[in-house]
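Here the structure comes first, spelled out in structure tokens, and everything after it is commentary.
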Amino acid sequence: QVQLVESGGGLVQAGGSLRLSCGASGRTFSNWAMGWFRQAPGKEREFVAAITWSGGRTWADSVKGRFTISRDNTKNTVYLQMNSLKPEDTAVYYCATRRDYRGSYYEHEYDYWGQGTQVTVSS
């Protein structure tokens, strides 16, 4: 069984930065793609960014140029560096992994999920 635990969320002012971490346990995840999604109040969960096993990255247009996804396979950890945060980035952020080396935009293609971490950006 794979477990994912996110951390690093919190309250930040607009224009500020946060770094989310997601630690994986239960197996070696270096060959699997990892993704970050978010869900704002009253909205559906949406794709934020994904990274392949070899470090290939994709981002949602809404965060491109502001957010960076990275991974450290030696630590079984994936990161989401969020800069120039906006109030509309307020959401619960989830990390996920899938049993495939390729990243995906689609929520249903991920097999394991963390419990989420709250990010609140004040104006």
Q) Condition test on Ala40, is it at pLDDT 95 or above, open to solvent by less than 60 Å² (accessible area, probe 1.4 Å) and within 13 Å of Tyr105 (Cβ to Cβ)? A) no
Q: For Val78, work out the one condition from (1) over 13 Å from Gly23 (Cβ atoms); (2) among the aliphatic types (A, V, I, L, M); (3) in contact (Cβ under 8 Å) with a residue 40 or more places away in the chain it doesn't fulfil.
A: (1)
**Q.** Residues within region 41-68 that are assigned to a strand (DSSP E or B) and among the small types (Gly, Ala, Ser), tallied
**A.** 2
Q. Does region 69-109 hold any residues that are in a loop (DSSP other than H, G, I, E, B), touching a strand residue (DSSP E or B) at 6+ places or on another chain (Cβ under 7 Å) and modelled with pLDDT under 95, and which are they?
A. Asn76, Asp100, Tyr101, Arg102, Gly103, Ser104, Tyr105
Q) Tell me, which strands (runs of 3 or more DSSP E) wholly within region 1-40 include 2 or more residues that are closer than 14 Å to Pro87 by Cα and out of contact with any Leu (no Cβ under 9 Å at 6 or more places or on another chain)? A) 33-39
Q | Selected residue (criterion: farthest from Gly42 (Cα to Cα)) from residues of region 95-123 that are hydroxyl-bearing (Ser, Thr, Tyr) and touching a Ser or Thr at 6+ places or on another chain (Cβ under 8 Å) | A | Tyr101
**Q.** Which numbered condition Asn76 misses (of (1) in contact with an Asp or Glu (Cβ under 8 Å, 6 or more places away or on another chain); (2) within 19 Å of Trp113 (Cα to Cα))
**A.** (1)
Q: Quick one: count up the residues across region 1-18 that are at positive phi and either surrounded by 14 or more Cβ atoms within 10 Å (Cβ to Cβ) or among the acidic types (Asp, Glu) (or both).
A: 1
Q) Which one of Ser30, Ser21 is closer than 21 Å to Arg102 by Cα, surrounded by fewer than 19 Cβ atoms within 10 Å (Cβ to Cβ) and modelled with pLDDT of 95 or more? A) Ser21
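The values are calculated or read from the model by the stated rules, or taken from the named source; none is laboratory data. Predicted model, so just to flag it, every value in this text is computed and none were measured. Because the Cβ atoms are built from the backbone with ideal geometry, glycine has one as well, and the counts that use them run over all protein chains shown. Calculation scope for accessible area: heavy atoms of the full protein, side chains included, ligands and nucleic acids excluded. Shrake-Rupley method; radii C 1.70, N 1.55, O 1.52, S 1.80 Å.
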